[in-house]
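One structure is given here, and the rest of the page talks about it.
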């Protein structure tokens, strides 16, 4: 997809509640600055083609310290947040139909998943923002005394990024004369509906001095976790025989799959996906077809080796998804047995294993029933 989203990072505030010293977006946080983490989060999203960073006039000299692969444009902020955002919107030279995300630079833990969900919602509805439902009891109070209760039904805690069609939010800002808490308020004042996207508890805004410690702890946990995804692909042609072995299950058929081992195309794809996630080659490197000892070998030998190698390196397999591509034999009647066998061999629960099938609509070698192909994806996790 062509990058057609501009992300505006609002970093012009002084953040006085965060304590004395430099503005909170420039303070160190887990070996970087707060704003560096925020920039990196948006820089990693392929759909974002431009970054606009709004800076306080006193911080413009820091513009050259901002680094990203995505082009960065720096805009001078205004006296209030809505003026800062308006300055950024007017600096964007895009079509009105393009998308813009407006995000507080002091929210450095925004996830790629949340950004993607907001973008998807904006594409569908034109305006969307993340929020979390209020779950705590709400009071009114005065002079350290509770004076009443507030019904929390239908109340949400707003987050950013808040996303809009560029023309929609630019026109809304131009027509808004008051001071607004956020851009959703401005869009609604112009008569536009805003879709609520489920927010993320970790996407909090650094506001008080103690928030830095919380953010550092969460970033440390995120960095320490090593999540890897590997893909596998395998093909075997048909030859003489009366059965095929797929994902460890023997299925009667009028032909067999040909290969140096038992030609279990599904298990081979899963095995290669594990090796791929580990960055450690493929089956052919670990079990060379030139070695006669592997002729006719059961493919579970290869799979068990890959699973053990992952465990040896400290990884847990959290999920496996395998797709078999063939016209025949029909996979449906054997799906449960395949799923159970793969779960057993990999030490997974059934809900961590997916085995499914599709045809190629009679196209290509699988459509001509010359063979079977398989694709697999495996996710590894190392805390």
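Relative contact order of segment 226-382, taken over Cα pairs closer than 8 Å and 6 or more residues apart, is 34 percent.
Run the Debye formula on the Cα coordinates of segment 148-265, all scatterers equal and no solvent, and tell me log10 I(q)/I(0) at q = 0.12, 0.18, 0.20 1/Å. Here log10 of I(q) over I(0) equals -0.72, -1.08, -1.15.
Among DSSP bridges having both ends in the chain, what percentage is antiparallel? Round to the nearest 5. Present the calculation step by step, with values, prior to reporting the outcome.
Working: 43 of 71 bridges.
Antiparallel bridges make up about 60 percent of those DSSP assigns within the chain.
Once you've got the GNM for the chain with C-alpha springs shorter than 10 Å, pick whichever of 127, 337, 137 has the biggest mean-square fluctuation. Maximum fluctuation in the GNM of the chain, among the listed residues, is at 137.
Mind checking Rg over Rh on segment 217-302, alpha carbons, Kirkwood formula for Rh?
Values: Rg = 16.7 Å, Rh = 14.4 Å.
Ratio of gyration radius to Kirkwood radius: 1.16.
Among 109, 363, 60, the largest mean-square fluctuation in a Gaussian network model of the chain (Cα springs under 10 Å) belongs to 363.
In terms of its alpha-carbon gyration tensor, segment 279-383 comes out oblate; a/c meets the 1.5 threshold, while b/c is at least as large as a/b. Centre-to-centre, using Cα atoms only, segment 63-96 and segment 259-314 are separated by 51 Å. Along the Cα-to-C-beta direction of residue 116, a point sits 7 Å from the Cα; which residues of segment 15-42 have their amide N less than 20 Å from that point? Those under the cut-off are 38-42. Which of the three applies to segment 1-86, rounded, prolate or oblate, going by the alpha-carbon gyration tensor with a ≥ b ≥ c and a/c under 1.5 meaning rounded? Judged from the Cα gyration tensor, segment 1-86 comes out oblate (a/c at least 1.5, b/c at or above a/b).
Rounded, prolate or oblate, given the Cα gyration tensor of segment 37-98, with a/c below 1.5 counting as rounded?
Numbers: a/c = 2.07, a/b = 1.13, b/c = 1.83.
Note, shape of segment 37-98 comes out oblate.
When 261, 299, 349 are ordered from fewest to most other Cβ atoms inside 10 Å of their Cβ, what list results?
Numbers: 261 20, 299 26, 349 8.
Listed from fewest to most nearby Cβ atoms, that is 349, 261, 299.
Given the rule -39500 (n - 2.57) for each run of at least 4 DSSP H residues, summed and divided by the residues of the chain, what is its mean residue ellipticity at 222 nm, to the nearest 500 deg cm²/dmol? Intermediate results must be reported in sequence, preceding the final value.
Values: 11 runs with 113 residues, N = 383.
Result for the chain: -8500 deg cm²/dmol, rounded to the nearest 500.
Hey, how many Å between the Cα centroid of segment 121-170 and the Cα centroid of segment 185-246? Here the answer is 22 Å between Cα centres.
Kirkwood radius and radius of gyration were both taken over the C-alpha atoms of segment 261-330, and their ratio Rg/Rh is 0.99.
At 0.36 nm per residue, minus the direct Cα-Cα distance, what do residue 64 and residue 139 gain on full extension? Give it in nm, one decimal, please. Walk me through the numbers on the way to the answer.
Values: separation 75, 0.36 × 75 = 27.00 nm, distance 4.58 nm.
That pair, residue 64 and residue 139, stretches by 22.4 nm at full extension.
For the chain, what relative contact order do you get, as a whole percent, if you take Cα pairs closer than 8 Å and at least 6 residues apart? Before the final figure, lay out each step's value.
Numbers: 792 pairs, mean separation 53.7, N = 383.
The normalised contact order for the chain reaches 14 percent.
Where in segment 214-249 is the amide nitrogen less than 18 Å from a point lying 7 Å along the Cα-to-Cβ axis of residue 313? Of the residues in segment 214-249, 224-233 have backbone N under 18 Å from the label point off residue 313. Short-range pairs are left out: with C-alpha atoms under 8 Å and at least six residues apart, the relative contact order of segment 5-224 is 24 percent. The stretch between residue 360 and residue 157 holds 68.4 nm of extra length on full extension. This uses 0.36 nm per residue minus the Cα-Cα distance.
Exposure proxy ranking for 366, 38, 147, based on other Cβ atoms within 10 angstrom of each Cβ and starting from the fewest, stands as 147, 366, 38. Placing a pseudo-label 7 Å from each Cα along the Cα-to-Cβ vector at residue 98 and residue 214 gives an inter-label distance of 3.5 nm. Once log10 I(q)/I(0) by the Debye sum over Cα atoms at q = 0.08, 0.11, 0.12 Å⁻¹ is calculated for the structure shown, the corresponding label among (i) -0.60, -0.89, -0.96; (ii) -0.66, -1.05, -1.12; (iii) -0.45, -0.84, -0.98 turns out to be (i).
Please quote Rg/Rh for segment 151-190 to two decimal places, taking the Kirkwood radius as Rh and restricting both calculations to Cα atoms. Don't skip to the answer; put the middle values down first.
Details: Rg = 11.6 Å, Rh = 11.3 Å.
Radius of gyration over Kirkwood radius for segment 151-190 works out to 1.03.
Taking the inverse of the mean 1/r over every pair of distinct Cα atoms in segment 5-224 gives a Kirkwood hydrodynamic radius of 18.0 Å.
Taken together, the values in this text are just the output of simple stated rules run on the coordinates, not laboratory data. Since this is a predicted model, take the numbers as computed values, not measurements. So basically every Cβ, Gly included, is an ideal-geometry build from the backbone, and we count neighbours across all protein chains shown.
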